[in-house]
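**Student:** Can you keep this structure in mind? I'll have questions shortly.
The values are calculated or read from the model by the stated rules, or taken from the named source; none is laboratory data. A quick note: this is a predicted structure, and the numbers were derived from the prediction, not measured. Using ideal geometry, Cβ is built from the backbone for each residue, glycine included, and neighbour counts are taken over all protein chains shown.
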Amino acid sequence: MKLNGKIAFKDVETGVWVIEGDDGKTYQLAGGDRKLLKEGARVEADGEVDDDTLGIAMVGPRFVVKSYKLR
Amino acid sequence: MNFRASLVVAVSMAVAACANQPSEDVALHSLARPTYETRDLPDDHSAHVPHAIVVDFRDGTTKAEFDALETAWGVDLELADQEEGQDSAITVGAFPGSEEDEDALLERIRKNPEVEAAEPLMRYQASFTPNDPDYGKQWNLAQINMPKAWDVSHGKGVIVAVLDTGIAYENYDEFKQVPDLSGVKFTEGYDFVNQDRHANDDHGHGTHVAGTIAQATNNGEGVAGVAFEATLMPVKVLDFNGSGSTATISDAIRWAADHGAKVINMSLGGGGRSQVMESAVAYARKKGTVVVCAAGNTGRGNVEYPAAYPGSVSVAAVGPTGEKAPYSSWGKELDIAAPGGDTSKGPEAGILQNTIDRRDFTKSVYEAYQGTSMATPHVAGVAALLFANGAKNPDQVEKALFASAKPPQGARGWTEQYGNGLLDASAALKALKKLDTTELLPLEVQVAQAHHEAREAAPMETFGARTFGPTDWKPFAWAGALLAFVLLTLGRKERPGYLNVLFTPGFLVPMVLTTLGVFFVKWVAPANELTTSMTLPLPDWLGRIIFGRGSLANPLIYSAALPLLASLFAIKFKSFRPVAGGIAIGFAGILAYSAWAHAPALAWLPFTFLAIPFLVANALVCLFIARAMLKREAV
């Protein structure tokens, strides 16, 4: 699926990167690479929601980025 | 050492001291001030402060007299405190010499007519206070009443499995145990990520969580933990990134339950609903394991899995003020709230434990984290205290936890933000003691009763557990008041006559049955699930029959629907009118009371701000129906 939104860092647990989607949901950022980790950057990402993985962050569904464009 | 309070106990032995005096004086004296006996005092020699005594002089003894006696006895006397004013005349004395000297000295001092009493100085430590240097920074432990709970239980021997990123618990390969887990008991765990027996932490999260449960305490190092004599079982299910799969975690849940874990702590969540994990949670609970899970950090109204599975205790987080932390998830499946920190208020508002450095897992650090992950191990730790103190099964542990939890100010029981309320370790241990006698009653009734007993000062506690407690008279009282109101609004011609209404069984019986249930059944039949159900108000009883025990109040039943149905029936059969009126006024009472008491969480209505207008509107409809039914028919 395509996901547009804003990259953000959330200080919960040991800290976690998220995409605050334009759909109003928060997604835990997974996949992609370290160039994605820019607080406040707008991103157009393509990837999948991973329903099968749990973790310590618990900030929202895990979105595994396959490709992305930063703006 | 920071003793929370050390009490100097001074007990007057006026009777003994006055024995030498003329009897008239004795009588006067015992009138003038109360006398005490010493037999209630524990004769604990370790509580004696060496070289110190307490001497209580008769009131009005002058400074000059003190000074003279001081010299005569060889004791350095000082007024104990000024609270009673200048003439309190209780002094604390210091003297040189041994304990045998003390007895002789006290004997001698007691003989003096100016002295009412003299005894060794005793110090009482108010509660167990650990000597860990940073214990003072752990506001979270004070918030859940740990010092008092530690007087009762340390969780000795109870196995708590920590399903997480592992624990820095051993020196193995490049891993090192963190210093403040030294001396803590561990049982063999498993690393489900790397498939070996060394569930060490390569992340930092799991060690922090384990620290909250059982950090080495009273060891002069670092910080304290909740159940520090519990046995930790390290189970690694999350990789160095802090994530793991449903399959792995489900496996680990069953493994831990099979290997003797009484409590499973899962400070993790996310993903979709998984049948496999749901049945693993159910399996563990059936095996007698309490499963405690984090509600999630979305800040939104949905509880994450596995916390949302039935059988799991789901935990929300609060900050130091006791207010829900902004990140904490909430919702219908929530059970309880515990301190998770709120570092938006500063780093000292986080939860401080010993863990490994996130950049270098061989290095030990003390770090303050925030999250529902941090709240969860507080509950797991208290669950261990409860098991160590005699809880027999998860049912009892959960009842004690929920019944003793403190609802937030202004709320009366279960809420979507805090579940049953804020964790209270000491109150939970007390609640456990009361459970045995009420074992036969259904869960929500027990919770309601315990709420009621625990906080009798607050009048509405029976409303605690989503439904009414047994025979709550308040809905009836509300219905009565509303009945009076309805009768007053009727014009003279329409009025049915007060006595007629009140003594028509056709009206009164439905009203009573609707609001009180079959309240008298408990006097004629033994308490069991059926009879207790019958004493619930009609909507709760109906809800339980249709939707099952423990379900949320259903808006279909908690509405004017049933009275409306009855009134339609009454249009056809006129003699049914008083019955419909009784049901309607009863429902009006229940709905109005529910709204006023801040409403049970209604199924399908996610927000209390919707539930209250809903209840009010339906109560008004009921009133309207009742009025129509009671109206004398125009001839």
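**Student:** Somewhere in region A:33-42, is a residue crowded, with 21+ Cβ neighbours inside 10 Å and touching a residue at least 24 places away in the same chain (Cβ under 8 Å)? Can you show your working first?
**Tutor:** Going residue by residue through region A:33-42, those that are crowded, with 21+ Cβ neighbours inside 10 Å are none.
Taking every residue of region A:33-42 in turn, none turns out to be crowded, with 21+ Cβ neighbours inside 10 Å and touching a residue at least 24 places away in the same chain (Cβ under 8 Å).
**Student:** A follow-up question, please. Got at least one residue in region B:334-341 being within 14 Å of chain A (Cβ to nearest Cβ) and within 26 Å of residue B:216 (Cα to Cα)?
**Tutor:** Looking through region B:334-341, at least one residue is within 14 Å of chain A (Cβ to nearest Cβ) and within 26 Å of residue B:216 (Cα to Cα).
**Student:** Taking region B:371-397 as the region of interest, how many residues are in a helix (DSSP H, G or I) and touching a strand residue (DSSP E or B) at 6+ places or on another chain (Cβ under 6 Å)? First the steps, then the outcome.
**Tutor:** Initially, region B:371-397 is screened for residues in a helix (DSSP H, G or I), giving B:372-388, B:394-397.
Keeping just the survivors that are touching a strand residue (DSSP E or B) at 6+ places or on another chain (Cβ under 6 Å) gives B:372-380, B:383-384, B:394, B:397.
Final tally of qualifying residues: 13.
**Student:** Please indicate, with yes or no, whether at least one residue in region A:47-54 is at pLDDT 95 or above, away from every other protein chain (no Cβ under 14 Å) and not in a loop (DSSP other than H, G, I, E, B).
**Tutor:** yes
**Student:** Next up: For region B:552-595, give me the residue count where each residue is polar (S, T, N, Q) and over 42 Å from the mean Cα position of the chain (by Cα).
**Tutor:** Matching residues across region B:552-595 total 2.
One line per residue, one yes/no per condition, for (1) over 14 Å from the mean Cα position of the chain (by Cα); (2) closer than 23 Å to residue B:316 by Cα; (3) more than 14 Å from every other protein chain (Cβ to nearest Cβ):
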| site | (1), (2), (3) |
| --- | --- |
| B:372 | yes, yes, no |
| B:381 | no, yes, yes |
| B:391 | yes, no, yes |
| B:402 | no, yes, yes |
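**Student:** Would you check which residues across region B:291-313 are surrounded by fewer than 24 Cβ atoms within 10 Å (Cβ to Cβ) and in contact with a Lys or Arg (Cβ under 7 Å, 6 or more places away or on another chain) and list them? Working first, answer last.
**Tutor:** Step one: of region B:291-313, the residues surrounded by fewer than 24 Cβ atoms within 10 Å (Cβ to Cβ) are B:299-302, B:308-311.
Selection gives B:311 alone.
**Student:** Related question: Output the number of residues of region A:34-46 satisfying the condition of being farther than 22 Å from residue B:344 by Cα and either at pLDDT 95 or above or more than 14 Å from chain B (Cβ to nearest Cβ) (or both).
**Tutor:** Taking region A:34-46 first, the residues farther than 22 Å from residue B:344 by Cα are A:34-36, A:41-46.
Remaining after also requiring either at pLDDT 95 or above or more than 14 Å from chain B (Cβ to nearest Cβ) (or both): A:35-36, A:41-46.
The qualifying residues number 8.
**Student:** Separate question: Which one of these is within 30 Å of the chain's Cα centre (by Cα) and under 23 Å from residue A:50 (Cβ atoms): B:264, B:253?
**Tutor:** On the way: B:264 fails: under 23 Å from residue A:50 (Cβ atoms).
Residue meeting the stated conditions: B:253.
**Student:** Looking at region B:233-255 only, could you name the residues that are surrounded by fewer than 24 Cβ atoms within 10 Å (Cβ to Cβ), in contact with a Phe, Trp or Tyr (Cβ under 9 Å, 6 or more places away or on another chain) and charged (D, E, K, R)?
**Tutor:** Once the filter is applied, which keeps residues that are surrounded by fewer than 24 Cβ atoms within 10 Å (Cβ to Cβ), in contact with a Phe, Trp or Tyr (Cβ under 9 Å, 6 or more places away or on another chain) and charged (D, E, K, R), region B:233-255 yields B:251, B:254.
Okay, residues lined up against (1) surrounded by 11 or more Cβ atoms within 10 Å (Cβ to Cβ); (2) at pLDDT below 75; (3) out of contact with any strand residue (DSSP E or B) (no Cβ under 9 Å at 6 or more places or on another chain):
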| residue | (1), (2), (3) |
| --- | --- |
| B:65 | yes, no, no |
| B:72 | yes, no, yes |
| B:76 | yes, no, no |
| B:85 | no, yes, yes |
| B:101 | yes, no, yes |
| B:105 | yes, no, no |
| B:112 | yes, no, no |
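**Student:** Take residue A:23 and tell me if it is among the acidic types (Asp, Glu) and assigned to a loop (DSSP other than H, G, I, E, B).
**Tutor:** Working: among the acidic types (Asp, Glu): yes; assigned to a loop (DSSP other than H, G, I, E, B): yes.
For residue A:23, the condition - among the acidic types (Asp, Glu) and assigned to a loop (DSSP other than H, G, I, E, B) - is met.
**Student:** Where residues in region A:60-71 are closer than 16 Å to residue A:20 by Cβ, more than 14 Å from chain B (Cβ to nearest Cβ) and not in a loop (DSSP other than H, G, I, E, B), which of them is nearest to the chain's Cα centre (by Cα)? Give the steps one after another, and end with the answer.
**Tutor:** Initial filter on region A:60-71 (closer than 16 Å to residue A:20 by Cβ): A:60-63, A:65, A:68, A:70-71.
Now restrict to residues that are more than 14 Å from chain B (Cβ to nearest Cβ): A:65, A:68, A:70-71.
Filter again for not in a loop (DSSP other than H, G, I, E, B), leaving A:65, A:68, A:70.
Working: A:65: 8, A:68: 11, A:70: 13 Å.
The extreme case among them is A:65.
**Student:** Name, by its number, the condition in (1) under 21 Å from the mean Cα position of the chain (by Cα); (2) of a type in the set (Gly, Ala, Ser); (3) surrounded by 22 or more Cβ atoms within 10 Å (Cβ to Cβ); (4) over 28 Å from residue B:176 (Cα atoms) that does not hold for residue B:284.
**Tutor:** Checking residue B:284 against (1) under 21 Å from the mean Cα position of the chain (by Cα); (2) of a type in the set (Gly, Ala, Ser); (3) surrounded by 22 or more Cβ atoms within 10 Å (Cβ to Cβ); (4) over 28 Å from residue B:176 (Cα atoms), the one that fails is (1).
Residues are listed down the side, and each one gets a yes or a no for (1) surrounded by fewer than 21 Cβ atoms within 10 Å (Cβ to Cβ); (2) modelled with pLDDT of 95 or more; (3) more than 10 Å from chain A (Cβ to nearest Cβ):
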| site | (1), (2), (3) |
| --- | --- |
| B:344 | yes, no, no |
| B:352 | no, yes, yes |
| B:356 | no, yes, yes |
| B:367 | yes, yes, no |
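**Student:** Could you check, for region B:318-330, whether at least one of its residues is outside any strand (DSSP E or B), more than 11 Å from chain A (Cβ to nearest Cβ) and within 27 Å of residue A:51 (Cβ to Cβ)?
**Tutor:** Taking region B:318-330 first, the residues outside any strand (DSSP E or B) are B:319-323, B:325-330.
Checking which are more than 11 Å from chain A (Cβ to nearest Cβ) leaves us with B:319-323, B:330.
Filter once more, so that each one left must be within 27 Å of residue A:51 (Cβ to Cβ): B:330.
Yes: region B:318-330 contains one or more residues that are outside any strand (DSSP E or B), more than 11 Å from chain A (Cβ to nearest Cβ) and within 27 Å of residue A:51 (Cβ to Cβ).
**Student:** Of the residues B:230, B:224, only one is farther than 17 Å from residue B:352 by Cβ and buried (at least 23 other Cβ atoms within 10 Å of the Cβ); which?
**Tutor:** Details: B:224 fails: farther than 17 Å from residue B:352 by Cβ.
Answer to the check: B:230.
**Student:** Here's something else I'd like to know. What are the residues in region B:271-295 that are within 12 Å of chain A (Cβ to nearest Cβ) and in a loop (DSSP other than H, G, I, E, B), if any?
**Tutor:** Residues of region B:271-295 that are within 12 Å of chain A (Cβ to nearest Cβ), as a first pass: B:271-274, B:276-277, B:293-295.
Selection gives B:271, B:272, B:273, B:274, B:295.
**Student:** Only one of (1) in a helix (DSSP H, G or I); (2) away from chain A (no Cβ under 14 Å); (3) in contact with a strand residue (DSSP E or B) (Cβ under 9 Å, 6 or more places away or on another chain) is not met by residue B:313, so which one is it?
**Tutor:** The failed condition is (1).
**Student:** Could you tell me whether residue B:273 is modelled with pLDDT of 95 or more, surrounded by fewer than 24 Cβ atoms within 10 Å (Cβ to Cβ) and not β-branched (Val, Ile, Thr)? Don't jump to the end; show me each part of the working.
**Tutor:** Details: modelled with pLDDT of 95 or more: no; surrounded by fewer than 24 Cβ atoms within 10 Å (Cβ to Cβ): yes; not β-branched (Val, Ile, Thr): yes.
In short, no.
**Student:** Check A:8, A:30, A:57 and return the single one that is outside any helix (DSSP H, G or I), over 9 Å from the mean Cα position of the chain (by Cα) and within 14 Å of chain B (Cβ to nearest Cβ). Break it down stepwise before answering.
**Tutor:** Working: A:8 fails: over 9 Å from the mean Cα position of the chain (by Cα); A:30 fails: over 9 Å from the mean Cα position of the chain (by Cα).
Testing whether each residue is outside any helix (DSSP H, G or I), over 9 Å from the mean Cα position of the chain (by Cα) and within 14 Å of chain B (Cβ to nearest Cβ) leaves just A:57.
**Student:** When region B:256-270 is examined, which residues are found to be crowded, with 24+ Cβ neighbours inside 10 Å and not charged (D, E, K, R)?
**Tutor:** B:256, B:261, B:263, B:264, B:265, B:266, B:267, B:268, B:269, B:270 - these are the residues of region B:256-270 that are crowded, with 24+ Cβ neighbours inside 10 Å and not charged (D, E, K, R).
**Student:** Here is a follow-up. Residue B:316 fails exactly one of the following numbered conditions: (1) buried (at least 22 other Cβ atoms within 10 Å of the Cβ); (2) on the phi > 0 side of the Ramachandran plot; (3) in contact (Cβ under 8 Å) with a residue 40 or more places away in the chain; (4) touching a Lys or Arg at 6+ places or on another chain (Cβ under 9 Å). What is the number of that condition?
**Tutor:** (2)
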